[in-house]
1. For segment A:321-338, enumerate the residues that are open to solvent by less than 40 Å² (accessible area, probe 1.4 Å) and touching a residue at least 60 places away in the same chain (Cβ under 8 Å).
2. Filter segment A:242-271 down to residues that are touching a Gly at 6+ places or on another chain (Cβ under 8 Å) and in a helix (DSSP H, G or I) and give me whichever is surrounded by the fewest Cβ atoms within 10 Å (Cβ to Cβ).
3. Counting just the residues of segment A:63-81 that are in contact with a Gly (Cβ under 7 Å, 6 or more places away or on another chain) and not in a loop (DSSP other than H, G, I, E, B), which one comes out farthest from RNA strand B (Cβ to nearest atom)?
4. Only residues in segment A:216-244 that are within 12 Å of A:Cys254 (Cβ to Cβ) count as the first member; pair them with residues that are away from RNA strand B (no atom under 16 Å from the Cβ), Cβ under 9 angstrom, at least 6 apart or cross-chain, and list the lot.
5. Is it true that A:Val100 is in a helix (DSSP H, G or I), under 21 Å from the mean Cα position of the chain (by Cα), more than 7 Å from RNA strand B (Cβ to nearest atom) and modelled with pLDDT under 95?
6. Hey, among A:Arg57, A:Arg69, A:Arg76, A:Arg49, which residue is at pLDDT 95 or above and buried (at least 21 other Cβ atoms within 10 Å of the Cβ)?
7. Looking only at residues in segment A:188-207 that are without any contact (Cβ under 8 Å) to a residue 60 or more places away in the chain and not in a helix (DSSP H, G or I), which one is farthest from A:Thr156 (Cα to Cα)?
8. Confirm whether A:Phe127 is aromatic (Phe, Trp, Tyr), in contact with a helix residue (DSSP H, G or I) (Cβ under 9 Å, 6 or more places away or on another chain) and within 28 Å of A:Thr259 (Cα to Cα).
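The values are calculated or read from the model by the stated rules, or taken from the named source; none is laboratory data. This structure is a prediction, so every number in the text was calculated from the model and none was measured. Here the Cβ positions follow ideal geometry from the backbone for every residue, glycine too, while neighbour counts run over all protein chains shown. When the accessible area is computed, the model is the full protein with side chains, heavy atoms only, and any ligands, DNA or RNA have been set aside. Shrake-Rupley method; radii C 1.70, N 1.55, O 1.52, S 1.80 Å.
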Amino acid sequence: MSAVTYELIKQSNESKARLGILHTPHGPVETPVFMPVGTQATVKAMSPRELEEIGARIILGNTYHLYLRPGHELIREAGGLHSFMAWDGPILTDSGGFQVFSLGDLRKITEEGVEFRSHIDGSKHLFTPEKVMEIEMALGPDIAMAFDECVEYPTTYEYAKKSMERTSRWAERCLKAHTRKDQALFGIVQGSMYRDLREQSARDLVPMDFPGYAIGGLSVGEEKNLMYEVLDYTVPLLPDNKPRYLMGVGSPDCLIEGTLRGVDMFDCVLPTRIARNGTVFTKMGRLVIRNAKYKSDFSPLDPYCTCYTCQTFTRAYIRHLFNTDEILGLRLTTIHNLYYLINLMKDIRQAIREDALLEFRDEFYSNYQNDGL
RNA sequence: GGAGAGAUACCCGAGUUGGCCAAAGGGGGCAGACUGUAAAUCUGCUGGCAUUGCCUUCGAAGGUUCGAAUCCUUCUCUCUCCA
């Protein structure tokens, strides 16, 4: 029995969407779920208590970043990531595969692994599947991700194939090196935007019997419709009795579209990052709170929102906080954006329950204009 | 009262051997981007009008010159030091 299991509650009969429960060592998680990202053992600007109040159930940490600082040995010494950061809920750690992509010119990829130059001090580090498993077992999240390569887009068929096949071999090595029984290891399907490569990747990984499968290498600059198309043919390649996790996706429309295509888990830095940069999600679309038009607007960020920020503060005040570089401003927008997405997922689950997700999606689009209010 | 220094665009401030100056740089302002976080970050715009281009700008007025933020004269104001 794996440390993490997926319980299917309801399969929608109007789409591939499904309702489920992810059982983890730190409690159950209703799916589909949005997972806030806390790269360096903190969801930027939020305390664990605030995350709990917002309704976050499971959050992310990052292997590469925590290995560099403070070091996985220190976190092991602290009693693991949960204890170190005082978060009692489930945690998932990304493997550093995304950093292979985002730290592009600071690394070299070989069959053995990836040689990174630290973005902090330039020192050299070798990440192999075995090393990554050692780090993730020390960090101790409920779910560890296999070490993969997130390929940039666009990429040639030849490179996508070569990389995907290597990721499959790395998955095998991760599986072999992963020995911690109270922790689940998820595999990651790659293959860029090539259907036969996604199929091959799934054929490689599914027999390895990971307790969960992620779809990686998406939302790396491709058109949304292309991503949806890849999801259309990739999700059905994954086992029904395991959770499916779409990595790095988190705009409201993508969460709905992903859910409709059978995705159970999402994570994304988008809500927290744009919040710190002064943009918030609202029912009507994105809103840039720094804009002059909100100078004397004493209404809440989103009149339909019931988060702490919207129930307490005005646009004019939050704009003022941003314009004066006051730290409270980005904390309030972060609270709002996370609440917005977590609440959206709650609404999505309710819609699945009522077999009304398609209607929910149409209603969503009829309100959500990207140019805001 | 005497001696000296200076006034530059929203603010501060460079430029003062005359042309390459609509005028550096910073701040402020305005707008945009952000999707497994090298991000409280980054990018663009910030005299006017239209397409290159043209027009009005460097305290005020006048002058020298083909050409002035830069040189000359007068005036106005500010600051520092000495009485």
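1. Of everything in segment A:321-338, those that are open to solvent by less than 40 Å² (accessible area, probe 1.4 Å) and touching a residue at least 60 places away in the same chain (Cβ under 8 Å) turn out to be A:Thr334, A:Ile335, A:His336, A:Asn337, A:Leu338.
2. Residue satisfying both the conditions and the ranking: A:Leu270.
3. A:Leu81
4. A:Leu231/A:Gly262
5. Yes; evaluated as a whole, the condition is true for this residue.
6. A:Arg57
7. A:Val189
8. On the way: aromatic (Phe, Trp, Tyr): yes; in contact with a helix residue (DSSP H, G or I) (Cβ under 9 Å, 6 or more places away or on another chain): yes; within 28 Å of A:Thr259 (Cα to Cα): no.
No.
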